[in-house]
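Please treat every number below as a calculation from the coordinates, not as lab data. Keep in mind the model is a prediction, meaning the values are calculated, not measured. Methodologically, a virtual Cβ is constructed for each residue, glycine included, from the backbone with ideal geometry; neighbour enumeration extends over all protein chains shown.
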């Protein structure tokens, strides 16, 4: 029940980041800390401010964690906020598996 209550909190956290023109770019379960009444996103080392850009492509270097890459990130294609949403979906699938 506790974990089930965190789906909306996590989605709201990502929505807030995006409203502030920030893309996390490395969303994965180990970067989500759960407290009794709170949720924290951590590891903003790969994040970017996209206030001037709507899309980006990473030529080389750190792109996050491959298991949680959106297909366009894995292919070094232009990507946007939807790449964070893909990673969020991967996290949700893992959460659902724990709830089974």
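For helix 6-19, report the angle its Cα long axis makes with the longest principal axis of the Cα atoms of the chain; keep it between 0 and 90° and round to the nearest 10°.
The angle comes out at about 30 degrees.
Spin-label point model (7 Å from Cα, Cβ direction): what's the residue 21 to residue 1 distance in nm?
Going by the 7 Å Cα→Cβ label model, 4.3 nm.
Taking Cα atoms, how many degrees apart are the long axis of helix 81-99 and the longest axis of the chain, rounded to 10 and kept between 0 and 90?
Between helix and principal axis, roughly 30 degrees.
For 23, 100, what's the fewest-to-most ordering of other Cβ within 10 Å of each Cβ? Kindly include the intermediate steps, with their values, before the conclusion.
On the way: 23 23, 100 4.
So the ranking, lowest neighbour count to highest, is 100, 23.
Could you list 43, 37, 84 so that the one with the fewest beta carbons within 10 Å of its beta carbon is first and the one with the most is last? List each step's numbers first, then the result.
Numbers: 43 16, 37 6, 84 24.
Ascending number of Cβ neighbours within 10 Å: 37, 43, 84.
Report P(r) for the chain: all Cα-Cα distances, bin width 5 Å, range 0 to the bin holding the largest distance, values in whole percent.
Answer for the chain: a P(r) of 2, 12, 25, 25, 18, 10, 5, 2, 0 percent.
Treat each spin label as a single point 7 Å out from the Cα along the C-beta direction, and report the residue 95 to residue 43 distance in nm.
Going by the 7 Å Cα→Cβ label model, 1.7 nm.
Given only helices, namely DSSP H runs of n ≥ 4 each adding -39500 (n - 2.57), what is the per-residue ellipticity at 222 nm of the chain, to the nearest 500 deg cm²/dmol?
Numbers: 3 runs with 37 residues, N = 100.
Taken over the chain, the calculation gives -11500 deg cm²/dmol.
Just want the ordering: 42, 65, from fewest to most Cβ atoms lying within 10 Å of their own Cβ. Don't skip to the answer; put the middle values down first.
Details: 42 11, 65 18.
Ranking 42, 65 by Cβ neighbours within 10 Å, fewest first, gives 42, 65.
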